[in-house]
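Right, one structure below, let's go through it.
The values are calculated or read from the model by the stated rules, or taken from the named source; none is laboratory data. These numbers were taken from a predicted model, which means no experiment stands behind them. Here the Cβ positions follow ideal geometry from the backbone for every residue, glycine too, while neighbour counts run over all protein chains shown. Accessible surface is based on the protein model in full, side chains and every heavy atom, while ligands, DNA and RNA are left aside. Shrake-Rupley method; radii C 1.70, N 1.55, O 1.52, S 1.80 Å.
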Amino acid sequence: MARHKEGHPVTASFLRIARMLDRATLALCMAAGGVLVLMVLVNVVLRYGFGAGSIKMQDLASYAFAVFLILSVPVCHARGGHVRVEVVSERLPATYLPRADAVAWLLFLAPVFALIVWAGWGDVLFAWSIREGSTTPGGLGGLFLVKTALPVAAALMVVQGLAAVLRAGRA
């Protein structure tokens with residue numbers, strides 16, 4: 001199979017898909033952040049300005065926060081925002097970091113986030129089967145959608161981790 005100047009065609013396709021998933025995840029994070037800010041503002045104005053409130057709007061703020069927080073993890077990882085201890089690695093050759101990242105992805109990131117997907121899948125399926133809603137009486141439905149964010153974010157972490165390893169290997 002012929003190699004393209006940007007690498008193996010399968011690798012290039014995977015990296016394109018990873019970038020598209022990252023953009024979609026970023027858009028969802030931004031939307032959730034916007035909804036969160038708006039709902040908190042509306043809830044505060046209603047409560048302190050008019051002495052009223054809405055449990056559904058409070059639930060929406062909680063849902064938005066949960067989605068924003070969990071989807072921020074793969075977005076941050078895709079941008080290299082993870083924590084790294086540089087005490088040892090700054091003294092090692094430049095080839096050390098990509099190799100260390102590959103080992104970390106293989107031994108830690110992929111297994112841990114794959115376990116999150118595997119362990120949480122049953123709960124998500126059950127939540128979808130009953131169309132789980134808020135635990136608060138009179139609250140907002142759709143909690144099953146929020147619960148879906150965790151295994152989706154975990155799967156995105158595996159994808160973004162592999163993409164980072166592949167990009168480092170091409171550099």
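Using heavy atoms of the protein chains and a probe of 1.4 Å, the accessible area assigned to Ser62 is about 70 Å². Note on region 4-71 and region 88-130: Cα centroid distance 22 Å, given to the nearest whole angstrom. Each of Ala94, Met57, Asn43 was placed along the dipole of region 1-129 (beta-carbon charges, centred on the mean Cα), and the one lying farthest toward the positive end is Ala94.
Among the trypsin sites (Lys or Arg not before Pro) within region 37-95, those in coil by DSSP and having at most 15 neighbouring Cβ atoms inside 10 Å are Arg79, Arg84, Arg91.
Spin-label model, Val83/Thr136: points 7 Å from Cα along the beta carbon direction are separated by 3.1 nm.
Nearest 0.05, what FRET efficiency do Ala94 and Ala12 give at R0 = 25 Å with Cβ-Cβ as r? It comes to 0.55. Computed in the context of the full set of protein chains, the accessible area of region 97-165 at 1.4 Å probe radius has 77% of its extent on carbon or sulfur.
Hydrophobic, long helices, defined as DSSP H runs whose alpha-carbon span along the helix axis is 18 Å or greater and whose mean Kyte-Doolittle value is at least 0.5, occur in the chain at 9-44, 55-78, 110-129, 143-170.
Once the 1.4 Å probe is applied to the protein heavy atoms, region 27-141 comes out at 67 Å² accessible per residue. When percent of Cα pairs over 27 Å apart is calculated for this entry, the matching label among (i) 42; (ii) 33; (iii) 19 is (i).
Using only DSSP helix segments of four residues or longer, with each worth -39500 (n - 2.57), what per-residue ellipticity at 222 nm results for the chain after dividing by its residue count and rounding to 500?
Values: 6 runs with 121 residues, N = 171.
My calculation for the chain gives -24500 deg cm²/dmol from helical runs alone.
Stretching the chain fully between Leu26 and Ala52 yields a gain of 6.0 nm (0.36 nm per residue, less the alpha carbon separation).
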